[in-house]
Structure formats: structure tokens, C-alpha cells
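Data block below; observations after.
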Amino acid sequence: MMERAGKNNPNITNRQFWQQDNHPIELWSPRVIDQKIDYIHNNPVEAGFVTEAHFWKYSSAADFCGMKGLIDPDVL
């Protein structure tokens, strides 16, 4: 799969590991920001690693549920 992706990209000589596309999304409203945060928080759930977003150790989802996460998001 990585070899095939590398052959389709003239900038790569062998294999391509990272996805080449970059599509920045402007966070222009609180609704869009909340949508993107929900998407990020639900990635471990969709992947089947946890049953609820706040169970993922490295997520700030716990902080959004009134629990304490590993890092204080206000500091970031």
C-alpha cells in the first residue's frame, strides 16, 4: 500500500507513509470549533479503543465532562 502510494507521487522515490493532502479548516465559529473537538474526542471511540471518549487516557474529553484529564487544557 505504501509502495503504491509512493509510485503515484512524483515527489517520492520509494514508499509514502504520511498522507500527502493537507486541507486546513478555518475555525470561524464556536459551533465549528465544537464540531471539530467532538470529532477529535470521538476518534478513539470510532477506532474501538474505548467505549466512551472520556475513557481515552490522552484525550481532553474528560475535561469537557467535568472530570480531570492529564493536562489542563486552559494552560495550552
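Every number here is computed from the coordinates shown, using simple stated rules; none is lab data. Please read these numbers as outputs of a predicted model, since none were measured by experiment. Here the Cβ is made from the backbone with ideal geometry for all residues, glycine too, and neighbour counts use every protein chain on show.
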- Taking Lys and Arg as +1 and Asp and Glu as -1, residues besides Pro30 with C-beta under 14 Å from its C-beta add up to -1
- segment 23-76: C-alpha gyration tensor shape, a/c 1.5 cut-off, then a/b vs b/c: oblate
- Message: Between 0 and 90 degrees, rounded to the nearest ten: what's the tilt of helix 30-46 against the longest Cα principal axis of the chain?
- Response: 70 degrees
- Item | All aspartates and glutamates inside 19 Å of Lys57 as judged from Cα atoms, apart from same-chain residues fewer than 8 positions distant | Asp38, Glu46, Asp72, Asp74
- Using +1 at the Cβ of each Lys and Arg and -1 at the Cβ of each Asp and Glu in the chain, identify which of His54, Pro30, Asn43 lies farthest towards the dipole's positive end. Asn43
- Relative contact order in percent for the chain (Cα pairs under 8 Å, 6+ apart) equals 13 percent
